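The values are calculated or read from the model by the stated rules, or taken from the named source; none is laboratory data. Here the structure is a predicted model, which is why all the values come from computation and not from measurement. Note that we place each Cβ from the backbone using ideal geometry, even for glycine, and neighbour counts take in every protein chain shown.
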Amino acid sequence: MKKSTSNNEFLGRIAGIAGNVFDTVLQILLIVAIVLIISRGAKTAYDYGYRIFTEKPMATTVGKEVEVNIPLDFNALELGKIFENNGLTRDSKLLALQYYASEYRDDIKGGTYTLSTTMTAEEMFGAIANVNIEKEKLLKEAEEEKKAEEDAAAAKEQEAGEDDEPGTEESADEGIQQIDMGEDSDSLMEEDVR
């Protein structure tokens, strides 16, 4: 009986050691997997971060012009897909990140634009923004011109209204009539006196 107990103890110890070794190997594999995932994520993040500011255009020498229709209510991913489908970028997600990093982001609006495959993302955003800035400038000038015309018309109406005020002409005419009547009445009085 002592032998079977010692065998069981021995087997128990071996099983305990094997379990510990297995647990340790699993922990090491888990750590290696986490390190690989973090390093791949860091490499991808670095590549994207680097490419946001250094991505080359689709064509370097001879490019083609492409007409792009951007909807009024677009988001960055939709913009990236539109540019990728039209051959203006290699990666729609990268273009979305470039859009968020762009200084022109607030000036990019929906519409139809002509862009070239020799342009970088920032150049395309700048071209779109410049078109929109020019449009807004022209609209503002037109609004200011219209307001100036309306103000001039209102001033003319006011001047015309002051000239036609009731009572001013009549009182002037009455004054003249009184003077005329006064002269007539004086001549009548002189004849009465003679």
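Quick look at the numbers
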| item | result |
| --- | --- |
| Filter result (over 18 Å from T118 (Cβ atoms), modelled with pLDDT of 90 or more and β-branched (V, I, T)) within region 47-79 | I70 |
| Criterion: at pLDDT below 50, surrounded by fewer than 10 Cβ atoms within 10 Å (Cβ to Cβ), over 26 Å from N75 (Cβ atoms) and not aliphatic (A, V, I, L, M) - qualifying residue of E162, E191 | E191 |
| Number of positions in region 80-95 that are of a type in the set (A, V, I, L, M, F, W, C) and farther than 19 Å from T54 by Cα | 1 |
| Test: I37 is outside the structural domain of G126 (by TED's automatic domain parsing) and part of a helix (DSSP H, G or I) | yes |
| E122 being under 25 Å from K64 (Cα atoms), charged (D, E, K, R), under 20 Å from the mean Cα position of the chain (by Cα) and at pLDDT 90 or above | yes |
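Residue-wise test of (1) over 40 Å from the mean Cα position of the chain (by Cα); (2) over 18 Å from G126 (Cβ atoms); (3) modelled with pLDDT under 90.
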residue: T5; (1), (2), (3): yes, yes, yes
residue: A15; (1), (2), (3): yes, yes, yes
residue: Q27; (1), (2), (3): yes, yes, no
residue: I38; (1), (2), (3): no, yes, no
residue: K43; (1), (2), (3): no, yes, no
residue: K81; (1), (2), (3): no, yes, no
residue: L88; (1), (2), (3): no, no, no
residue: K93; (1), (2), (3): no, yes, no
